[in-house]
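Since the structure comes first, as structure tokens, the remarks are kept for the end.
The values are calculated or read from the model by the stated rules, or taken from the named source; none is laboratory data. Small disclaimer: the values here were computed from a predicted structure and weren't measured. Note that we place each Cβ from the backbone using ideal geometry, even for glycine, and neighbour counts take in every protein chain shown. Quick note on the areas: whole protein, heavy atoms, side chains included, nothing else; ligands and nucleic acids left out. Shrake-Rupley method; radii C 1.70, N 1.55, O 1.52, S 1.80 Å.
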Amino acid sequence: MREPGRYPQPLERSAAARLDEAVGLARAIELDVVNAGIVPLGDIRPATFIGTGKVEEIAGLVKSLEAGIVVADCALSPVQQRNLEKAWNAKVVDRTGLILEIFGRRARTKEGALQVEHAHLTYQKSRLVRSWTHLERQRGGFGFLGGPGETQIETDRRLIEERLARIDAELDKVKKRRKLHRDSRARVPYPIAALVGYTNAGKSTLFNRMTRATVLEADMLFATLDPTLRAVALPSGMKIILSDTVGFISDLPTMLVAAFRATLEEVIAADVILHVRDVSHDDTEAQSHDVEEVLVALGVDPNDEQRLVEVWNKIDRLDADGRARLNNLAERKPADRRPILVSALTGEGVETLIEAIEERLSAGRVVLDLALDPADGAGVSWLHRHTEVMEKSMDEDGRLAMTVRVEPGKVETVKAKFPAA
Ligand SMILES: Nc1nc2c(ncn2[C@@H]2O[C@H](COP(=O)(O)OP(=O)(O)OP(=O)(O)O)[C@@H](O)[C@H]2O)c(=O)[nH]1
Ligand SMILES: [Mg+2]
């Protein structure tokens, strides 16, 4: 079920697709889903969100199926959640609660875990504020509420704030350490290509296909949380760092996007961003829109064709007509924003994708032919650290000829340090 108008969405999804996704989310934390259904919404009831008849009907279901948890794919107020828990005698989780739970389980690094806890507490705090104003309003009206309730909430808030401050301090430390790592990596002159996309789009499968590395990949939403990085050599010899990232999802609570901003720094800093889309999915357009919104929230312009490449994945699942239609669509786009059709599963199109990445990355890079004294070991090693060495050979004059490729910003430094061949 879904509160209409709560999340502005230009591309509406079908209720059935929403339900599928919610079931997938519940399965992602190993819940055994015994029943799933769509509840048509009339007016939102402040006390229970859905109408009394539905509340009773679900109470019967919960009892007969002996369900312990009811997941509501909407945003419930704390009061609604409490009332429904009482009516159903089961734990009630809303969409944000469920996503936070998934993120909590998937966090594999200390930083990831801290960020999730931070988001969770911020979520709780916002709900305390809300129920507090709610109480105040009631007290103003009737004068019989308040007192102990308010004190309890104040205490809860203080405890949450203290814990948040400790997490902030710890996150700061972790971040400083990571910055050191990144600075040492920044000295490796490899460009970064980051995979982003809706959850389950096939990012990790594609990442594996491209790196032959093994990262957790499974038919499970949010199988990847912390970014995974691999250095790979492209066929031309160009080395890049490929980064797999957490999947995005619609209605991703804004506080979660903020919490993962640090983790997603790889994306923000990437030279090329591969937006992986499951084009076999009915909601592919809506999903793509959600991903673009998150990118904007991260400060990445989704229309920057210099950096963004759309990867249309899972084409193996389309029939001949579907493929022809997509091929047509792709070909009608201007060359610099033409999507690449692939199947991460079969490997089809992956070579073309790699070529496209290579092309993007070498555009703007400058090739220099240099001549060094063969005894200049320090010079050679400097070039290996700061440039991409394409060729090295001895020329007829007994000098060491090196062909290197550098970013435009480094051309002058290299030219000043080494004579041209
Ligand atoms: N048929 C088909 N299935 C694919 C393809 N690529 C990925 N899949 C399947 O889609 C499911 C999700 O793939 P993942 O690679 O885990 O997706 P992801 O984007 O990394 O998902 P999260 O990390 O959860 O955000 C898995 O069952 C994959 O086997 C493809 O090209 N074709
Ligand atoms: Mg993944």
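Yes or no: the range 268-275 includes at least one residue that is crowded, with 16+ Cβ neighbours inside 10 Å, outside any helix (DSSP H, G or I), modelled with pLDDT under 90 and out of contact with any helix residue (DSSP H, G or I) (no Cβ under 9 Å at 6 or more places or on another chain). For the range 268-275, residues crowded, with 16+ Cβ neighbours inside 10 Å, outside any helix (DSSP H, G or I), modelled with pLDDT under 90 and out of contact with any helix residue (DSSP H, G or I) (no Cβ under 9 Å at 6 or more places or on another chain): present. Only one entry of 347, 364, 377 meets the criterion of being in contact with a Pro (Cβ under 7 Å, 6 or more places away or on another chain) and loosely packed, with under 14 Cβ neighbours inside 10 Å, and that entry is 364. The set of residues in the range 311-329 being surrounded by fewer than 17 Cβ atoms within 10 Å (Cβ to Cβ) and either farther than 22 Å from residue 210 by Cα or of a type in the set (Asp, Glu) (or both) consists of 316, 319, 320, 321, 322, 323, 324, 325, 327, 328, 329.
Within the range 344-371, being out of contact with any strand residue (DSSP E or B) (no Cβ under 9 Å at 6 or more places or on another chain) and either part of a loop (DSSP other than H, G, I, E, B) or at positive phi (or both) holds for 346, 347, 363, 364. Each residue in the range 366-421 was checked for being of a type in the set (Ser, Thr, Tyr) and under 19 Å from residue 236 (Cβ atoms), and 3 of them qualify.
Of all the numbered requirements in (1) farther than 16 Å from residue 305 by Cα; (2) within 16 Å of ligand 1 (Cβ to nearest atom); (3) surrounded by 12 or more Cβ atoms within 10 Å (Cβ to Cβ), residue 339 misses one, and that requirement is (1).
The set of residues from the range 197-212 being without any contact (Cβ under 8 Å) to a residue 40 or more places away in the chain and in contact with a strand residue (DSSP E or B) (Cβ under 6 Å, 6 or more places away or on another chain) comprises 207, 211. Looking across the range 81-97 at every residue that is modelled with pLDDT of 90 or more and either polar (S, T, N, Q) or on the phi > 0 side of the Ramachandran plot (or both), the one that is most open to solvent (accessible area, probe 1.4 Å) is identified as 89. Among residues of the range 314-343 that are at positive phi, those with a beta-carbon under 7 Å from a residue that is open to solvent by less than 80 Å² (accessible area, probe 1.4 Å) at least six positions away or on a different chain give the pairs 314/202; 314/278; 314/279; 314/280; 314/343. Within the range 98-114, not a single residue is at pLDDT 90 or above and either assigned to a helix (DSSP H, G or I) or in contact with a helix residue (DSSP H, G or I) (Cβ under 6 Å, 6 or more places away or on another chain) (or both).
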